[in-house]
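Notes follow once the structure below has been shown.
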Amino acid sequence: MIRLPFWPRRRPLATDPFVPVAPRVPRAPEPAPVAPREAPERIRARAERRMKFTAACFVFGFALVGVKMGAISASEAREPSTGSLSGASIVSDRADITDRNGRVLATNVDATALYAQPHLMVDARAAAEGLARIFPDMDAETWHRRFTSGSKFFWLKGNISPEQKQAVHDLGEPGLLFGQREMRLYPNGPLAAHILGGARYGEQDVRAAEIKGIAGVEATFNEFLRDPAQEGAPLRLSIDLSVQSAVERVLEGGMALMNAKGAAAILMDIHTGEIRALASVPDFDPNDRPAPAVEGDPGDSPLFNRAVQGVYELGSTFKIFTAAQSLELGLTNAGTMIDTTGPLRQGRHRIRDFRNYGPELSVTDVIVKSSNVGTARMALDIGAARQQDFLRSLGFFEPTAIELTEAPGARPLIPARWPDISTMTISYGHGLSASPLHLAVGYASVLNGGTRVEPTLLARATPPAPGTRVVSERVSAQARHMLRQVVMRGTASLGEVSGYQVGGKTGTADKPKYTGGYWDDKVITTFASVFPADDPQYVLVVTLDEPQIEAAGEQRRTAGWTAVPVASEVVRRATPLLGLRPDFNPAADSFASYLAESGNR
Amino acid sequence: MMRGLIYAASIAAVVALAFWAYREGYDTRATSRDVARLQSEIGARHQELSMLRAEWAYLNRPDRLHALAEMNFERLALMPLDADHFAVVDQVAYPPPAPEWPAPVPAVELEEAVEDVIIMNHRYGADAAPRLIAPPTLADDGEQLP
């Protein structure tokens, strides 16, 4: 029976408490049989699974945090970028170039480019006319035609000044827009122009532009300069800004005084091959690099680097190589008398001297008086094969290894065949053309104690190991002593700089005509020198192109009157800047001091 | 009773945590904005620095320094360094001994006192004749003549 809760409960009847009462309320049903307990192994396994899952979750979470922390700590600290340039896909940051003392030769500054979006223009004609007023080289008609041609984008100017920017801004034309970029700046102007070369814009974007080197070290080290892994470390060159400046100043003055149309100078460390100054005039401003000449002689262009690219017959400066080789082979010594009776006949050629020097001269005097005949006789004794080997060991058969894009193109001109007449003429520098840099390397290699040097434009942290030996220490000292006497009592007497024992050899070579043969009145004069001769530190080569002066009552074109005074002025100006002490002791010129110095090293 | 308390406490905790997370989120965003601002400021300073370096190099270019040295030649008398400007330490004269005040040491005695020292071209002492430094001769084109 169903009992509803609101019904009144009936009173229980008073009955015998011991009589069993039939239960009115049905008893709770018997509890269902309990399922048998699960095996504890399974429970444990399940709990273990759960625990493992939880642990895995924790491990995963912590691993995620750990990995992220590792990634943060392992990633490189990035240089903060300017907000506007971040996200620009073109690499625009280019490292500086400095000289050996850290003075800036090339750096970047912010610049503004101007571009047009004609579909945004309000008044294309006013814009074109306004631009023509601001930029005199822009033609209003042309640009109006372009703005109305339907194109949606024009680059107008790669680089404008803040004043021009303000003027364009004042035009109030919404279709003329400014792009942000960096610009390569050479703060020293034309100084070291041929070394630096120049740069131009590669890929352009309105937010950034890529700077690309087009010549000189800018092109050679293009990848290095734009490599972000370098973190902006500058490229440190071996040149010294003040020395370079003094050399260029003297060279420009010398070129004007000597009525030359060009000049070049190389100042090189004789032991390491580091170039302290390399100049070629006329030069140019790398900030505004002129276009390559399309007509006329490319050798007359200011872009032409006479010191590296100019391949000239270097004249009598070669004689010291012949003398040094002869000494090295033991064919002669400094006092051996050489027959100098001229003219010397070889086939249909005749070799004669500038002046008749008598029947015979010692080897030293052959160099001092610059006797072609004497040198040719010595070369004949050496022979063509050995002469070639020697010149090859000095690098006269290959382009120089200097780090300029122009260098590999300057291959020396070597005769295809090498008959005896070539042996003879090359012994005094005719018939083989090389650049002044080749000559500097040859002089450095022979005179620094006799080991080969490689020219470089990079500052070296440690001095390089000596190169292969080309001549012995003693021959090197003898060669320097001969060169010293050329200055003391020979053809280069104007080259004396008191205190610095300059030794050197002059060379005057007739210029070849393009049509064959040689000019009578056009010469290349060269003075290759070493200083101080007793303890050599630097090699200097000065070359003048077509010099001619009126001196001592006649027209002079020889190196002794033209290249030598310029070189001596370079030495006078550069030595204090290089930190060389003068030595006024006359004993420095004795041969014993030369040997002692080479023994000290 | 207990249960209600737990519920209330956990609700309060959730609200507090939500508030905290919300605030942290905003803090984070503000900080990252700050970092971005600082980074762009550092970048701008870097650019300024490189601009100043370029300007320094431009103002110190050898051409300009040379022109300035020539323009101020009368005041500074700067000449290119020469071999004659080098000397050994022995060539430098010691300063003359202090004169015994009040009687000044006559120049003759001074000369005797420093007899062994090479005096290059200076005379020391108050009574030495003043040296006249001639103004430089300038050519028509402003080129300085030696």
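The values are calculated or read from the model by the stated rules, or taken from the named source; none is laboratory data. Since we're looking at a predicted model, the values are computed, not measured. Quick reminder, even Gly has a Cβ in these numbers, built from the backbone with ideal geometry, and neighbours come from all protein chains shown.
Numbers at a glance
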read-out	value
Matching residues, region A:86-101, being modelled with pLDDT under 90, within 11 Å of another protein chain (Cβ to nearest Cβ) and over 21 Å from residue A:223 (Cβ atoms)	A:86
Criterion: at pLDDT below 90, over 19 Å from residue A:278 (Cα atoms) and under 34 Å from the mean Cα position of the chain (by Cα) - qualifying residue of A:513, A:505	A:513
Qualifying positions in region A:178-212 - under 28 Å from residue A:302 (Cα atoms) and assigned to a loop (DSSP other than H, G, I, E, B)	A:186, A:187, A:188, A:189, A:190, A:191, A:192, A:197
Residues of region B:37-64 satisfying the condition of being within 16 Å of residue A:186 (Cα to Cα), facing chain A (nearest Cβ under 7 Å) and not hydrophobic (A, V, I, L, M, F, W, C)	B:50, B:53, B:58, B:61, B:62, B:63
Every residue from region A:102-120 that is at the interface with chain B (Cβ under 9 Å from one of its Cβ atoms) and surrounded by 23 or more Cβ atoms within 10 Å (Cβ to Cβ)	A:104, A:105, A:107
Residue satisfying condition, being within 14 Å of chain B (Cβ to nearest Cβ) and not hydrophobic (A, V, I, L, M, F, W, C), within set A:503, A:499, A:490	A:499
When residues of region A:311-356 are limited to those that are aromatic (Phe, Trp, Tyr) and surrounded by 19 or more Cβ atoms within 10 Å (Cβ to Cβ), the one farthest from residue A:446 (Cα to Cα)	A:312
Answer from A:521, A:545 - the residue that is surrounded by fewer than 19 Cβ atoms within 10 Å (Cβ to Cβ) and in the same structural domain as residue A:490 (by TED's automatic domain parsing)	A:521
Of the criteria (1) surrounded by 13 or more Cβ atoms within 10 Å (Cβ to Cβ); (2) assigned to a helix (DSSP H, G or I), which one residue B:81 fails	(2)
Residue in region A:391-399 that is surrounded by fewer than 21 Cβ atoms within 10 Å (Cβ to Cβ), modelled with pLDDT under 95 and either at positive phi or in contact with a Phe, Trp or Tyr (Cβ under 8 Å, 6 or more places away or on another chain) (or both) present	no
Breaking point among (1) within 23 Å of residue A:434 (Cβ to Cβ); (2) outside any strand (DSSP E or B), for residue A:296	(1)
Conditions (1) at pLDDT 85 or above; (2) under 24 Å from residue A:578 (Cα atoms); (3) within 14 Å of another protein chain (Cβ to nearest Cβ): number failed by residue B:91	(1)
Cross-chain or 6+ apart pairs with Cβ under 8 Å, region A:444-465 first and of a type in the set (Lys, Arg) and modelled with pLDDT under 90, then surrounded by 15 or more Cβ atoms within 10 Å (Cβ to Cβ) and part of a loop (DSSP other than H, G, I, E, B)	A:460/A:238; A:460/A:272
Region A:346-384, residues that are within 17 Å of residue A:333 (Cα to Cα), in contact (Cβ under 8 Å) with a residue 60 or more places away in the chain and among the aliphatic types (A, V, I, L, M)	A:363, A:367, A:368, A:382
Pairs with Cβ under 7 Å, 6+ apart, first in region A:195-222 and more than 23 Å from residue A:99 (Cβ to Cβ) and of a type in the set (Ser, Thr, Tyr), second surrounded by 16 or more Cβ atoms within 10 Å (Cβ to Cβ) and at pLDDT 85 or above	A:201/A:211
Search result, residues across region A:411-444 that are touching a helix residue (DSSP H, G or I) at 6+ places or on another chain (Cβ under 8 Å) and polar (S, T, N, Q)	A:422, A:423, A:425, A:427
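Matching residues to (1) crowded, with 23+ Cβ neighbours inside 10 Å; (2) hydroxyl-bearing (Ser, Thr, Tyr):
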{"residue": "A:433", "(1), (2)": "no, yes"}
{"residue": "A:442", "(1), (2)": "yes, no"}
{"residue": "A:445", "(1), (2)": "yes, yes"}
{"residue": "A:454", "(1), (2)": "no, no"}
{"residue": "A:485", "(1), (2)": "no, no"}
